[in-house]
Amino acid sequence: MTEHIKIGKQDGVLEITFARPDKKNAFTNAMFRAACEALNAAQTDKETRVVLFAAEGNAFTAGNDLGDFLAVSEGKGEEPQAGAFIEALGRAEKPIVAAVPGIAVGVGTTMLLHSDLVFVADNAKLAAPFVNLALVPEAGSSLLMPARIGYVRAFAMFALGETISGAEAVSLGIANKMLPPDEVLPAARLAAKTLAQKPNGSMIATKKLMRDAESLLAWMDKENVLFAQQLKSAEAREAFCAFAERRAPDFSKLSS
């Protein structure tokens, strides 16, 4: 476990809180493991009927810690543990609620596509700039995002790194409601508690009908292969080094 993931349970709701606010809740491998373990355990825990993702500070998560990515791209460090967490999202049968108090980058945005209810702050910014990092979309987002917001807007997010505001997240169907930052978590908790009071069997069956989990997982496998290839590419090393050195990356001399 890690102190950067906090787990609480009340009234049938398992709350998983990202608790690394000084780093905008950027995910380490330990955080991915802890969140994955909690999410998987919730699926068989009879006392848990709903999962709520929350965050400390003014960010949901800045995505994967790029220091970990840089180490892998240089052939050092532990392989990324995001895949197991992403698969757990795809397999989750119980409702997932997300409370987004600010920025959500990378997996912070793509995991919202697996959430059943999403509440965002009015200052939230959602981003999925995978191409900027010489990577590819993950968590099934290359399938789910175009289906949710349209191909051209999804491509702009992935390839140009364009962001979506809290208001746009609501209008495009990524989020249910936009609120002032201090009202986001209370609203998400109320919604989660309300879901927990519904008939559990009916709730799970309804969610199964609304999403083809097996097809989604197969698509995620395709993404994972390409993501792993790109992560160890010269392009990715340049992107991560440039980020660490606070400079613009130069891909002009790298062959595809």
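What follows draws every value from the coordinates through simple rules; no lab data is involved. Since this is a predicted model, take the numbers as computed values, not measurements. Note: ideal-geometry Cβ built from the backbone for every residue, glycine included; neighbour counts use all protein chains shown.
Overview of values
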| read-out | value |
| --- | --- |
| Neighbour-count ranking [beta-carbon atoms within 10 angstrom, fewest first] of Ile7, Ile103 | Ile7, Ile103 |
| Relative contact order computed over the chain (Cα-Cα under 8 Å; 6+ residues apart), in percent | 20 |
| Selection from Leu172, Phe240, Ile204, by position along the positive dipole direction of region 128-256 (Cβ) | Ile204 |
| Net dipole in debye of region 5-180 [+1 Lys, Arg Cβ; -1 Asp, Glu Cβ; about Cα centre; nearest 20] | 260 |
| Alpha carbon centroid spacing (whole Å) that separates region 19-34 from region 66-98 | 11 |
| Tilt relative to the chain, helix 29-44 - C-alpha long axis, 0 to 90 degrees, to 10 | 30 |
